[in-house]
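Please read the structure below before turning to the comments.
The values are calculated or read from the model by the stated rules, or taken from the named source; none is laboratory data. Please read all numbers here as calculations on a predicted model, not as lab measurements. Cβ sites come from the backbone with ideal geometry, for glycine too, and all protein chains shown count toward neighbours. The accessibility values were calculated without ligands, DNA or RNA, using every heavy atom of the protein model including side chains. Shrake-Rupley method; radii C 1.70, N 1.55, O 1.52, S 1.80 Å.
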Amino acid sequence: ACTAVVENLFFSAVLLGWGSLLIMLKHEGFYSHICTGENSTNDSIAVDSPHFYPSCVEQEEILNLGFTIGSFLLSATTLPLGILMDRFGPRPLRLVGSASFAISCVFMALAAYNPPVLSPLIFLGLSLNGFGGICLTFTSLTLPNMFGNLRSTFMALMIGSYASSAVTFPGVKLIYDVGVSFITIMLVWSSLACLIFLNCLINWPKESFPAPEEANYTKKIRLSSLALDHRVTGDRFYMHVMVVGQRLSQKAPHLDGNKEEHYPSIQDLHNEVTESSQSAGSIPFRRSVCSPIFLWSLITMGMTQLRIIFYMAAMNKMLEFQVTGGKEHVSAELKNEAEQTVSFYSSIFGVMQLLCLLTCPFIGYVMDWRIKDCIDGPRNMDAAEKTRTVAKGKPPKVRYRKIQKLTNAIRAFVITNLLLVGFGITCLINNLPLQYVTFIFHTMVRGFFHSACGGLYAAVYPSNHFGTLTGLQSMISAVFALLQQPLFMAMVGPLHGDPFWVNLALLIFSIAGFLLPCYLYYFRCKVLRDEATKEGLLDQANGTPLKSQDGAAANGLLNSNSSTA
């Protein structure tokens, strides 16, 4: 898990630090040959830089197109990756991802060798960079399955390291500003990516890590011979065993009383696995895709993805507009000031991406809140019968995993949407010091919304649909985020660099994100009623009266002695 966090931090979504990479590409002269005539400027020239390449709006549009393609692959390939990982496991995909990242760095170094001729290679390099990054990220999301009730917290940590990887290119830019050539940096980075390939080849298992909700585990032990002493006769005998199936959880509670069922044989385990797989496969995938929760999540996640990606693509131009005021003809001193301001704030933005490592575990903690106290958890099944016993005084509060997960998802989405609205408001205000707050909002939203969506899907959908639904949602969100390219062209074209109207439209659109937690609240109340009905039937069968408490719905709780009026 530690190596996965480090690998995600330096080799996954590094493309999201686009602001710093764009400055380096302009300094290296990528597509500067199209800047001719009156539309060219020299704002990309550093005082101590040996390169003197002009810059223009057309150059930024072409380079931004490369970022659009790379960021699209960073999200859109999750669906085929999920299908392939379910079939072949995470190890082959991680090998392919590390190799793709290494090759992408080689292509970018090769393009920098002769930019006027080899500039188109940057598209291939950015595409492979995005694809390799998502392969590393997606395969690392299987590791949290090893941590049981803390799975969402470790999942958020993985996503936090993925989101914090945007700090990598700002760090690379600091090395570049010291005087290290762009080609050298890319080649060293490529060689480091080869170490990930070797680490995966040696340490990663071929099979996926099993989820903690899986009830049955099988341990296979191969023994050549087993010698035992017979306590009665004193005779010594040998038992030759080829494969022994042993269940880790030996006992399961019986609903009729304090009896316990034992599963000593492999046949019992086989029958139970067959029954659980049949029940999981009874829900068709089409029903999950067409469910209102998934459709509402597509709107929320697509809108959030567009908001986040557009800001990354247009941040440099937004900062430049705040310095120059949108004037077409400015003095050389103001141009130099604008360049230095953009470079400084882009570096600060990159450093702040490390906040994802601190903030993402918070949303994971929200998603895991009280999960271990649920009576239907993997280790709390024996508590279900105890809580049905009516005691004197106030009855104990009973929590159920599905309802508690829905409650936690509602809280997570409300927090994320509030941060997104706050981010949109600060984007509308032309104040440079206020952009620090904008950076913090942006960083927190990036880490929160993926974790909240993953926790929601795990709560309401079958486990065999989780990977495909997550990949489908990510792919649709990536397609939706492609709108950032025409929005960027509209901002630098007809709007003359003024981002106000685009940000205002995105802010109004982002308010629609609150519709998802509203529907989740309605859905949770419906699940509460269904669970109360089941409990009523069970308690009536046991001769226990049932009484209902409306206040239980507020916290995702079910009371053990509740009855409908």
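For the reader, a short list of remarks on this structure follows.
- Restraint check, Lys402/Lys526; Lys372/Lys405; Lys372/Lys534; Lys173/Lys327; Lys26/Lys317, Cα-Cα greater than 18 Å: Lys372/Lys534; Lys173/Lys327
- Leu136, Leu483, reordered so the largest accessible area comes first (probe 1.4 Å): Leu483, Leu136
- Amide H contacts of Ser55 (H built 1.01 Å from N, in plane; Pro and chain starts excluded): Thr41, Asn42, Asp43, Ser44 sit under 5 Å, all sequence-distant by 5 or more or on other chains.
- Solvent-accessible surface (1.4 Å probe) assigned to His496 amounts to roughly 120 Å².
- Asp86, Asp498, Asp530, Asp368, reordered so the largest accessible area comes first (probe 1.4 Å): Asp86, Asp530, Asp498, Asp368
- Rounded to the nearest 10 Å², the accessible area of Arg370 at probe 1.4 Å: 100 Å²
- Peptides 447-456, 66-75, 2-11, 25-34 ranked from most to least packed by the mean count of surrounding Cβ atoms within 10 Å: 447-456, 66-75, 25-34, 2-11.
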